[in-house]
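Following: one structure in structure tokens, then a few remarks.
Nothing in this text is a laboratory measurement; each read-out follows from the coordinates by a stated rule. Small disclaimer: the values here were computed from a predicted structure and weren't measured. Here the Cβ is made from the backbone with ideal geometry for all residues, glycine too, and neighbour counts use every protein chain on show.
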Amino acid sequence: MKLENTINDFFGLRQKAINKSLSNQNAKDRYHAKKLAKELEINLTIGRDSIGWHCWIESDNENIDGMFCTSWNEVLYKLDQIKK
């Protein structure tokens, strides 16, 4: 084991560790958002740029402010608002 890894373990500075519950929640949100978009017949334009991931919700509904999202949780929330 490298000295750097030992020091990082001691101080709790592991940056590569991913919180499994957050990862699982993101996957669940993605699944439900895509399923709901298909049910509502709304297209999702998903892209990636130098800053990160993004999604445009393509809907004609004027009741929802902002169709640009940067997380699946946000996409799911806005699709729920459109459904209501």
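Among 72-80, 52-60, what's the highest-first ranking by average C-beta atoms within 10 angstrom per residue?
Values: 72-80: 19.0, 52-60: 14.2.
Going by the mean number of other Cβ atoms within 10 Å, highest first, we get 72-80, 52-60.
For each of Ile7, Ile42, count neighbouring Cβ atoms within 10 Å of the residue's Cβ, then give the residues from fewest to most.
On the way: Ile7 10, Ile42 18.
Arranged by neighbour count, lowest to highest, Ile7, Ile42 become Ile7, Ile42.
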